[in-house]
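Report on the following structure.
The values are calculated or read from the model by the stated rules, or taken from the named source; none is laboratory data. The shown structure was predicted, so the numbers you read here are calculated from the model rather than taken from an experiment. Counting neighbours? That spans all protein chains shown, and the Cβs are built from the backbone with ideal geometry, glycine included.
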């Protein structure tokens, strides 16, 4: 029997591809470092009690500018919608100061900025369903492989003509320490005030602050690498090869699911309409119960009906069932809106209730689009829905929700529809409520003490830097 031979591959490994940055990429790296330092040193490790404000707006604008620098303006025209939308939404951080709304805007702003960047880099139809999913995938798959690109570029300088410049830079840094140190000693001996300044700088360095300083530096480095990796990957993304399409479910399978939903929704609406005749006096208090479940049911219906129409557009019975599910869902959504109207009439407006009504408006638009797709299955509705959602969300932000909440609640209180008006709760929103509350205190002096307390509370927490916004000027206005 012949002895088996185990062969070992001793061929040299393929060398890692060297990275060489262009001037634009070095500028992008410097810009990413500046934005990261501003976020870390200006807000993350500060004693701020608010989410980022004007600093975040400037950083978002800077990121969009760097995307234009890296990707160029070849595809600028078709990128205007997400680009302008991202710029306008970023501006809200510098105008309004409601932390809850800032938190809601954060993922929307990231999505719009990423869509704008990929559109500038040549992505097509990114507001479609497939485009939105592709952007979400690319945000991670196109960024993570380039996290260490700056370090590889610096290492590549040693093996290229840039090694001389790097050596010269290091030599200059080494020589500047003794030279500048000697000059500083002479200047300190010549002027006592300058000596006090230098001494104060060294006295301000404390060993106990070293861990925090290292954490700040580490977070800045990581955020710089992440931001630059996103920019660096814009023009280096290769679309993955399309996979073989899986067999779609049959029209019968989808029809059974839609028929079950039709029967379930019809029975639910029948029970609800029967109970409308004998509503308890305290129904407004329980109107909120089950509201969010009804909204989720409407979303579930859309997630079933729209894909069914896309997978089996030629099945007439399936289109009829999808239309019936959509109409019944519209009835459930109308019931949810009626419940929320009762609840708002009894307890007033809040930001969450306003956002919920916007969500219901977006779902209603999606239901109309689903009905249109039932009539014309080949109709593409996602892009129109995305533009509608972006436009209405921007309009909602620029309508100044906090000011509108204060105006509506005060008006309801004056009319007697709202019994209790909590000035402290309104003041916790943002300074945008102060003009309305000052008018109320001038007409009804019993609210003056609560107004003064609210102003003192806002003044004590007023930001001055990265988290500042224009609306804080209302504290100084009388």
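Which pairs do you get when a residue that is in the same structural domain as residue 292 (by TED's automatic domain parsing) and more than 19 Å from residue 398 (Cβ to Cβ), found in the stretch 340-356, comes within reach of a residue that is at pLDDT below 90 and not in a helix (DSSP H, G or I), reach meaning Cβ atoms under 6 angstrom, with the pair 6+ apart or on two chains?
From the stretch 340-356, the pairs are 342/287; 343/287; 343/288; 348/418.
Taking residue 44, is it touching a residue at least 60 places away in the same chain (Cβ under 8 Å), out of contact with any helix residue (DSSP H, G or I) (no Cβ under 6 Å at 6 or more places or on another chain), surrounded by fewer than 19 Cβ atoms within 10 Å (Cβ to Cβ) and more than 24 Å from residue 235 (Cα to Cα)? Don't jump to the end; show me each part of the working.
Values: touching a residue at least 60 places away in the same chain (Cβ under 8 Å): yes; out of contact with any helix residue (DSSP H, G or I) (no Cβ under 6 Å at 6 or more places or on another chain): yes; surrounded by fewer than 19 Cβ atoms within 10 Å (Cβ to Cβ): yes; more than 24 Å from residue 235 (Cα to Cα): yes.
Against the criterion (touching a residue at least 60 places away in the same chain (Cβ under 8 Å), out of contact with any helix residue (DSSP H, G or I) (no Cβ under 6 Å at 6 or more places or on another chain), surrounded by fewer than 19 Cβ atoms within 10 Å (Cβ to Cβ) and more than 24 Å from residue 235 (Cα to Cα)), residue 44 qualifies.
Out of the residues in the stretch 398-408 meeting the condition of being farther than 15 Å from residue 352 by Cβ and in contact with a helix residue (DSSP H, G or I) (Cβ under 8 Å, 6 or more places away or on another chain), tell me which one is surrounded by the fewest Cβ atoms within 10 Å (Cβ to Cβ).
For the stretch 398-408, the residue satisfying everything is 398.
Within the stretch 75-134, which residues are out of contact with any helix residue (DSSP H, G or I) (no Cβ under 6 Å at 6 or more places or on another chain) and assigned to a loop (DSSP other than H, G, I, E, B)?
The answer is 76, 122, 123, 124.
Would you list the helices (runs of 4 or more DSSP H) that sit entirely within the stretch 359-478 and hold 1 or more residues that are over 30 Å from residue 299 (Cα atoms), out of contact with any strand residue (DSSP E or B) (no Cβ under 9 Å at 6 or more places or on another chain) and in contact (Cβ under 8 Å) with a residue 12 or more places away in the chain?
Hits in the stretch 359-478: 401-415, 423-427, 434-443, 448-460.
Are any of the residues in the stretch 359-375 assigned by TED's automatic domain parsing to the domain that holds residue 306 and more than 31 Å from the chain's Cα centre (by Cα)?
yes
Given the structure, is residue 65 in a helix (DSSP H, G or I), over 15 Å from the mean Cα position of the chain (by Cα) and either touching a residue at least 12 places away in the same chain (Cβ under 8 Å) or farther than 23 Å from residue 128 by Cα (or both)?
yes
From the set of residues in the stretch 310-331 that are part of a helix (DSSP H, G or I) and at pLDDT below 85, which is farthest from residue 365 (Cα to Cα)?
The residue in question is 311.
Find all pairs meeting these conditions: Cβ atoms under 6 angstrom apart; at least six residues apart or on different chains; first residue within the stretch 208-220 and assigned to a helix (DSSP H, G or I); second residue modelled with pLDDT of 85 or more.
What qualifies is 216/40; 219/40; 220/36; 220/37; 220/40.
Which members of the stretch 334-347 meet the condition of being touching a helix residue (DSSP H, G or I) at 6+ places or on another chain (Cβ under 7 Å) and over 15 Å from residue 266 (Cβ atoms)?
Scanning the stretch 334-347 gives 336, 337, 339, 340, 342, 343, 344, 345, 346.
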